[in-house]
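I have placed the structure first, in the form of structure tokens, so that the comments after it can refer back to it.
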Amino acid sequence: MKIAILSRRHDLYSTRRLLESAKKKGHKADIIDTMRCYMNITSLRPTIHYKGAELCHYDAVIPRIGASVTFYGAAVVRQLETMNVFCVNDSVAITRARDKLRSLQLLSKKGIGLPITGFAHSLDEIQDLIKMVGGPPLIIKFLEGTQGIGVVLVETAKAARSVIEAFLGLKVNILVQEYIKEASGCDIRCFVVGGKVVAAMKRQALSPEEFRSNLHRGGLASEIEITEEERTMAIRAAHIIGLNVAGVDLIRSNRGPLIIEVNASPGIEGIEKATGKDVALSIIEFIEESTNFDKRTNL
């Protein structure tokens, strides 16, 4: 089987591990720079070209689309879909996951537990917005933020109003979210592949002053045993967003687990090192199952 890994960089851990795992299973795999792809959009024979030549046919593609290139990356995945290539995550699910507001609305509609979240455009509604999420302390998040960037904890109503006014004044889209104090700077990353949680890790903020547990912010990772409720919630969240491969982040609150984010291109390094699980291999095996590779090779 021929597998394409859409990634901007060959040296990223996740990209390298996917390449290694594909080859370990006897497949031919290539790393394709998403932004070097260009498309011939036609109803007769849609194609993708890369570095001056038409891309050869691939049986499957693993999109590793960074947040900064979501629009173009999703367009490349869409083109592959028109060419009947199996995409581990399709273009609709990728763009849906990247839109934090849309994701939360979809999860809310299906009854998934979430932190109370507010969204507004007018500066006139700030006071009621703060009240809506339970008052300070509260979290303010950029809609476009990743890896803990653009996430602010504010501890007083005055500070919250000032920060919200500043962001809205700069035309930055933000979410205002209740702060779950009992989580104590800890969250859980569930790695979902093909409707199963293949690994789970706890991420703990480095210090009491740092509420963000992201590994890119210095958070500490360790393996964790999740509850059946958490497992079910993570699988449902990935399904609702439409992702076959997802990093589902949740926190434990006094009212049960709450989903805080669903990621379309979750990093593999942290969770493999924390749990010792071969997550990359799970993704390759999912591709084999989804494309009936085993059946084809046994014919």
Quick count over region 79-95, residues being buried (at least 19 other Cβ atoms within 10 Å of the Cβ) and charged (D, E, K, R), is 1
Test result for SER103, assigned by TED's automatic domain parsing to the domain that holds LEU175, polar (S, T, N, Q) and farther than 20 Å from ALA183 by Cα: no
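Pick from region 50-84 the residues that are of a type in the set (Val, Ile, Thr) and touching a residue at least 60 places away in the same chain (Cβ under 8 Å): which of them is farthest from MET1 (Cα to Cα)? Break it down stepwise before answering.
Residues of region 50-84 that are of a type in the set (Val, Ile, Thr), as a first pass: 61-62, 65, 69-70, 76-77, 82.
From what's left, touching a residue at least 60 places away in the same chain (Cβ under 8 Å): 62, 65, 69, 76-77.
Details: ILE62: 13, ILE65: 22, VAL69: 27, VAL76: 20, VAL77: 19 Å.
Ranking the qualifying residues of region 50-84, first place goes to VAL69.
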Condition set at pLDDT below 80 and outside any loop (DSSP other than H, G, I, E, B), scope region 114-124, selection surrounded by the fewest Cβ atoms within 10 Å (Cβ to Cβ): answer is ASP124
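Every residue in region 58-70 that is hydrophobic (A, V, I, L, M, F, W, C) and either surrounded by 17 or more Cβ atoms within 10 Å (Cβ to Cβ) or touching a Phe, Trp or Tyr at 6+ places or on another chain (Cβ under 6 Å) (or both), please. Step through it out loud before you land on a result.
So the first thing to find is which residues in region 58-70 are hydrophobic (A, V, I, L, M, F, W, C), and the list is 60-62, 65, 67, 69.
Within region 58-70, ALA60, VAL61, ILE62, ILE65 qualify.
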VAL262 fails exactly one of (1) closer than 18 Å to LEU107 by Cα; (2) more than 16 Å from the chain's Cα centre (by Cα); (3) at pLDDT 95 or above, namely (2)
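The values are calculated or read from the model by the stated rules, or taken from the named source; none is laboratory data. Everything numeric here is computed off the predicted structure, so don't read it as measured data. We place every Cβ from the backbone using ideal geometry, glycine too, and count neighbours over all the protein chains shown.
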